[in-house]
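Written below as structure tokens is the structure these notes are about.
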Amino acid sequence: MGGPIRHWLVVSSAVFFAASGGLAKWATLNYHAPAWQIALSRYVVGLVLVLSYVAITGKQVRPRERGAVFLRAVFNAAAILLFYAALQHTTLTNATLLNLTYPVFVAILGPVLLKEHLSRGGMFTLAAALLGVCLVIDPEFGRGVNRGDIMGLFCGISAAGAVLMLRRARRVNDSITILAVFYVVGTAITAPVVLVTEGSNWSAPCLAVLGVGSFLGVLGQFALTLGIGHVTAAEASIVSTSRAIFATTIGVVFFSEVIGLNVLVGGTLVIGSVIVLSRLSSRSMGMAGDSSEASARQDRG
């Protein structure tokens with residue numbers, strides 16, 4: 001695969017993810033689709049596409065390190081559900097920025113759970129990132145905090161848990177196996193809730209929006225899967241954070257979102273810190289001969 005093509009694949013994945021989030025926000029505002037239904041749509045479309053790929057290629061799905069694969073699926077499914085729940089209460093810009101904080105929480109939890117070393121530079125970067133998060137959330141005494149922002153923050157934390165589990169799962173499993181388990185688990189978690197609760201919108205226009213948005217989200221995962229093996233982890237991290245720029249553009253143009261100075265400064269701190277942390281992680285992974293962090297990016301969104 002040529003250099004320009006592989007980079008365009010990674011860039012296009014960021015566009016697909018941002019557009020998918022935009023359509024989810026559209027379904028929320030115009031059709032009052034609940035987060036559970038939006039997440040279920042994403043899981044079902046993904047499951048159909050992955051199973052179609054498996055059927056066409058004849059590839060066998062046999063997960064090993066099943067505990068890590070299952071926990072990765074649960075954490076990732078929770079992250080996506082929390083992202084859609086955040087969109088019910090906050091802006092597309094804030095939800096996307098807070099979703100992209102997962103490398104910050106990987107850096108925080110890594111030394112505790114995986115005995116990883118965090119350099120002094122990493123600590124300063126974490127402090128900058130957390131300051132950025134506070135600016136984005138913009139807490140005010142007496143008013144409290146927007147619950148959508150809190151859900152977006154927990155989305156980043158849950159995604160970090162998925163990355164940590166993925167580092168173990170990727171040692172003995174390929175991307176298709178991990179994705180297949182993820183979509184099965186996500187469908188199993190959300191389908192019963194959608195079926196037994198009221199509020200889902202089954203109108204044709206709503207289902208069309210959810211279907212297209214889910215397809216774009218899955219397409220973004222596949223585009224990133226194809227491109228990620230041919231770019232460095234540092235390059236992938238920079239492109240991944242560009243998703244925030246695309247999402248902000250969609251939010252301003254289509255939803256008349258107003259980007260305050262706190263979000264602009266906080267978002268810059270978060271994105272800059274994520275890039276620095278990804279570079280530090282890439283450098284340490286390269287020394288250890290471990291490419292799982294680079295592989296992790298191909299299975300999220």
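The values are calculated or read from the model by the stated rules, or taken from the named source; none is laboratory data. Worth saying up front: this structure is predicted, and the values here are computed from it rather than measured. Cβ coordinates were reconstructed from backbone atoms using ideal geometry, including for glycine residues, and neighbour counts include every protein chain displayed.
Just a few scattered comments:
- Against the test of being touching a residue at least 40 places away in the same chain (Cβ under 8 Å) and touching a Cys at 6+ places or on another chain (Cβ under 9 Å), the options A73, A95 yield a single qualifying residue, A95.
- Of the residues making up region 29-88, those that are farther than 18 Å from R147 by Cβ, among the aromatic types (F, W, Y) and over 16 Å from the mean Cα position of the chain (by Cα) are Y31, Y53, F70.
- Checked against the criterion of being modelled with pLDDT under 90, crowded, with 23+ Cβ neighbours inside 10 Å and closer than 23 Å to V45 by Cβ, the candidates A169, A159, A247 yield just one match: A169.
So that you can scan it fast, the table gives a plain yes or no per residue for (1) touching a strand residue (DSSP E or B) at 6+ places or on another chain (Cβ under 7 Å); (2) closer than 17 Å to I80 by Cβ; (3) in a loop (DSSP other than H, G, I, E, B):
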residue	(1), (2), (3)
R171	no, no, yes
I176	no, no, no
L179	no, yes, no
G186	no, yes, no
A191	no, yes, no
V194	no, yes, no
E198	no, no, yes
C206	no, no, no
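- Any hit, region 107-129, residues being modelled with pLDDT under 80, basic (K, R), assigned to a helix (DSSP H, G or I) and over 26 Å from L40 (Cβ atoms): yes
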